[in-house]
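The values are calculated or read from the model by the stated rules, or taken from the named source; none is laboratory data. On a predicted model such as this, the values are computed, not experimentally measured, just so you know. Methodologically, a virtual Cβ is constructed for each residue, glycine included, from the backbone with ideal geometry; neighbour enumeration extends over all protein chains shown.
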Amino acid sequence: MLQARNTGFSVLELLIVLAIGLVIAVLAIPSLTETLALYRVSADAKLLGQDLMVAKMRAGTNFTKERLNANTAANTYQLEQYDKTGLTWDPDGETKYLSSGVSFGFGSISTPAGSQSSIAQSAVVTFNSRGIPVNGSNQATPEDALYIRNATGYYAVSVALSGRVQVWKYVNSSWVGQ
């Protein structure tokens, strides 16, 4: 007569599988962390671009000026609409925050993105009622760009003289359109 054997895994086999799983997790976590950080800065750049497009469209729709006002120290920004009667800038929506670990800035990069003549962080990007970017003197300007960064990379959102908004990524010492 055959005797029944106990089936299942031994403690040693379970420990080996657990050790292999732990080694894989230890190797994967840094890569996952870096990937998530890259996604955060990339998403923030795209959201800044979308909000600049919203500002441009609202300026034309409401026949007034609209701007994106960035607080580079607090890593926040807000859309604001010009009140022609009160001659003031009123909030047009909520204050938005950059993701954790993402901040405004371009570090030691010296090459400007888009049509800027020299690299500079724009704190305010204003559109007139025709959707054209203007400076404080209401003159059309191609000099607006917002730069953001984190530990994994640099992005810029520029506004051309025509009002075109473009997102850029800094790759191998140059800006590449996204």
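Here are a few things to note about the model shown:
- Note on the range 136-158: residues that are surrounded by 18 or more Cβ atoms within 10 Å (Cβ to Cβ) and closer than 25 Å to GLU34 by Cβ total 9.
- Taking the criterion of being outside any loop (DSSP other than H, G, I, E, B) and touching a residue at least 24 places away in the same chain (Cβ under 8 Å), the residues of the range 166-178 that qualify are GLN166, VAL167, TRP168, LYS169, TYR170, SER174, TRP175.
- Candidate set from the range 32-75 (those that are among the charged types (D, E, K, R) and assigned to a strand (DSSP E or B)); member that is farthest from the chain's Cα centre (by Cα): GLU66
- Count - residues of the range 43-72 that are basic (Lys, Arg) and closer than 23 Å to ALA113 by Cα: 3
- Some residue of the range 33-42 being at pLDDT 90 or above, surrounded by 12 or more Cβ atoms within 10 Å (Cβ to Cβ), closer than 30 Å to TYR82 by Cβ and not polar (S, T, N, Q): no
- Single residue of the range 115-135 satisfying the filter (surrounded by fewer than 17 Cβ atoms within 10 Å (Cβ to Cβ) and touching a strand residue (DSSP E or B) at 6+ places or on another chain (Cβ under 8 Å)) that is nearest to SER174 (Cα to Cα): ILE119
- The sole residue among GLY101, GLY107, GLY60 that is surrounded by fewer than 18 Cβ atoms within 10 Å (Cβ to Cβ) and more than 18 Å from TYR170 (Cα to Cα) is GLY60.
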